[in-house]
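Some notes on the structure that comes next.
The values are calculated or read from the model by the stated rules, or taken from the named source; none is laboratory data. As the structure is a prediction and not an experimental result, all values here were calculated from the model. Quick reminder, even Gly has a Cβ in these numbers, built from the backbone with ideal geometry, and neighbours come from all protein chains shown. For accessibility, only protein heavy atoms count, side chains too; no ligands or nucleic acids. Shrake-Rupley method; radii C 1.70, N 1.55, O 1.52, S 1.80 Å.
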Amino acid sequence: MSSDRRACNQPLSGNAMPRFGGLATMMRLPAADSPVGLDAAFIGVPFDVGTSHRPGARFGPRAIRAESSLLRPYNMATGAAPFDALQVADLGDVAINTFSIDRSMAIIGDYYRGVLAAGCKPLTMGGDHTIALPILRAVAERHGPVALVHVDAHADVNDEMFGERIAHGTPFRRAVEEGLLQCDKVWQIGLRGTGYAADDFDWPRRQGFTIVPAHEIWYRSLTPLMAEVRQRVGHAPCYLSLDIDGIDPSYAGGTGTPEIGGLTVPQALEVIRGCRGLELVGADLVEVAPAYDVSGNTALLAANLLYEMLCVLPGVPLR
C-alpha cells in the first residue's frame with residue numbers, strides 16, 4: 001500500500017481542467033490498462049443481458065463516470081483521504097459478450113481473478129446485478145467464502161428466471177449453492193416491494209442471512225445497525241454490493257426495477273460509512289439505467305456512493 005502521497009494518483013483538479021472537459025474516467029483519475037501496482041481500481045462492467053424489466057444498465061458505467069467529474073479528493077464529512085495512501089486508477093470496462101450470459105460470466109470472472117491476483121481491490125460500476133456472481137466467484141477463490149453487506153430492494157435469491165439459473169434476480173442463491181458466502185455473516189438491507197410468496201425473503205433467512213426490510217428502518221438512523229454488522233462480521237473478508245434500487249426512487253429513479261419506500265440517501269451513506277473497519281475486499285454498485293435518469297441524479301448519486309466505498313477501504317487514513 002502506498003505511503004508517499006506524491007506517488008499516488010490524484011483526481012484531475014477542476015482548476016487544471018474545467019469539470020465538463022477532459023477524459024471521462026471515474027473522478028477524472030488516470031486510466032490504467034493493468035491492475036499491477038494499484039491498491040484499488042474503478043472498473044466498469046457494462047452488462048445488462050440478465051435484466052428482467054427495464055434494460056439500459058449497460059450504459060451505467062459511462063453515465064457514472066460522467067457525473068463523477070464533480071467529485072473532489074477529500075471526504076469533508078468523514079475526513080477520509082483515500083488518495084493520500086492508496087494508488088487508485090480507472091481500469092476501464094470489462095469487454096463482456098453482449099449476446100451471451102454464460103460467456104460473459106466467464107469473461108468477468110477471469111478479469112477479476114487477474115485484478116485480485118495483483119492485490120488490487122475492485123470497485124465496480126454495473127451493469128445489472130448478475131455481475132455480482134462472477135465477481136464473488138473470483139473473490140472467494142482468493143479469500144475463501146466472504147461476508148456480505150447487500151443493499152437492495154430485492155433479495156436476488158430466485159432459483160430461476162424464465163428457466164434461466166443466472167440472471168440479475170439469482171446471483172445470491174447461486175452464491176450460496178457454490179459456497180461463496182459465510183451465510184451467518186450476510187446482511188440484506190432495504191428489501192421491500194411486492195413478491196410472489198413469503199419465501200422470497202424466507203429462503204435467505206433459512207440460510208442464515210440477516211434480513212432488514214425497508215419498512216422496519218423507516219425514519220431511523222442505520223448507524224446502530226452497522227455497529228452490529230461490524231461486530232458480527234469481525235475480521236472476516238467482506239464484500240459490499242449496493243443495488244441502486246435499494247434507495248427510494250424519489251432519489252434514484254434511473255433504474256430497471258424501482259420499488260417505492262426505499263432507503264434515503266443519508267441511510268445509504270450510513271451503511272457505507274458504517275463499513276469502515278470491515279476487511280472489505282471489494283464492492284460494487286449496480287443497476288443504474290441512464291435512460292430513466294433524465295436529470296442525471298441517479299448517476300450522480302452512484303458516483304458519490306462509489307467514492308464513499310473507496311473511502312472505507314482498509315488503509316484509508318482520516319485527516
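Structure values in brief
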{"read-out": "Anisotropy class of the range 132-188 from Cα gyration tensor, a/c 1.5 cut", "value": "oblate"}
{"read-out": "Tensor-based shape of the chain (alpha-carbon gyration tensor, a/c under 1.5 rounded, otherwise prolate or oblate)", "value": "rounded"}
{"read-out": "In order through the range 164-170: 3J(HN,Hα) via Karplus (6.51 cos²θ - 1.76 cosθ + 1.60), integer Hz, x for Gly, Pro", "value": "9, 8, 10, 7, 6, x, 10"}
{"read-out": "Protein-only accessible surface order, largest first, of 203, 218 at 1.4 Å", "value": "218, 203"}
{"read-out": "Simple Cβ-charge dipole of the range 176-319, Lys/Arg +1 and Asp/Glu -1, about Cα centre, in debye nearest 20", "value": "640 debye"}
{"read-out": "The range 176-319: relative contact order as a whole-number percent, Cα under 8 Å and 6+ apart", "value": "23 percent"}
{"read-out": "Rough spin-label spacing in nm, given labels placed 7 Å along Cα→Cβ, for residue 54 and residue 164", "value": "1.9 nm"}
{"read-out": "Mean ellipticity per residue at 222 nm, deg cm²/dmol - from DSSP H runs of n ≥ 4 across the chain, formula -39500 (n - 2.57)", "value": "-8500 deg cm²/dmol"}
{"read-out": "Heavy-atom accessible area order for 76, 125, largest first, 1.4 Å probe", "value": "76, 125"}
{"read-out": "GluC sites (Glu not before Pro) within the range 152-217: DSSP coil, no more than 15 neighbouring Cβ in 10 Å", "value": "160, 178"}
{"read-out": "By accessible area with a 1.4 Å probe, ligands and nucleic acids excluded, highest first: order of 292, 196", "value": "196, 292"}
{"read-out": "Potential extension, residue 106-residue 199 segment - 0.36 nm per residue separation minus Cα distance", "value": "30.5 nm"}
{"read-out": "Overall form of the range 56-102 per C-alpha gyration tensor (a/c, 1.5; a/b vs b/c)", "value": "prolate"}
{"read-out": "Estimated dipole of the range 1-115 in Debye, rounded to 20 [Cβ of Lys and Arg +1, of Asp and Glu -1, Cα centre]", "value": "320 debye"}
{"read-out": "Residue-wise HN-Hα coupling along the range 26-43, computed from phi with Karplus coefficients 6.51, -1.76, 1.60 (Hz; x: Gly, Pro)", "value": "4, 6, 6, 6, x, 7, 10, 10, 8, x, 4, x, 9, 7, 8, 8, 8, 9"}
{"read-out": "Antiparallel DSSP beta bridges within the range 203-319, as percent of all bridges there, nearest 5", "value": "10 percent"}
{"read-out": "DSSP beta bridges in the chain [antiparallel fraction, %, rounded to 5]", "value": "10 percent"}
{"read-out": "Cβ-placed point charges (K, R +1; D, E -1), dipole of the chain about Cα centre in debye, nearest 20", "value": "960 debye"}
